[in-house]
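Read the structure below first, then the notes.
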Amino acid sequence: MGEIHSIQPPKGVEALYSFRVSKSIRGIGFRQDHFLRVLWIEPDHDAAYGKK
């Protein structure tokens, strides 16, 4: 899981993180206490970062 610097986190969220669901599928979420709150599951790896 890695911090995303190219996407501004929503108000009240310290940072967004990218995580791998499978080889081609990525997720985006944020940490809240001991939980990962999932915001987005993107089947196209590059689209998760807004590159397409």
(message) For region 16-26: of the residues being polar (S, T, N, Q) and free of Cβ contacts under 8 Å to residues at least 24 places away in the same chain, which is least open to solvent (accessible area, probe 1.4 Å)?
(response) S22
(message) Go through (1) in a loop (DSSP other than H, G, I, E, B); (2) loosely packed, with under 14 Cβ neighbours inside 10 Å for V13 and report which single condition fails.
(response) (2)
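Can you pull out the residues in region 27-42 that are open to solvent by 60 Å² or more (accessible area, probe 1.4 Å) and of a type in the set (F, W, Y)?
First, the residues of region 27-42 that are open to solvent by 60 Å² or more (accessible area, probe 1.4 Å): 31-41.
Answer for region 27-42, where residues must be open to solvent by 60 Å² or more (accessible area, probe 1.4 Å) and of a type in the set (F, W, Y): F35, W40.
The values are calculated or read from the model by the stated rules, or taken from the named source; none is laboratory data. Values in this document were obtained by computation on a predicted structure and should not be read as measured data. No Cβ is skipped: glycine too gets one built from the backbone with ideal geometry, and neighbour counts run over all protein chains shown. Just the protein is used for accessible areas: all its heavy atoms, side chains included, with ligands, DNA and RNA removed. Shrake-Rupley method; radii C 1.70, N 1.55, O 1.52, S 1.80 Å.
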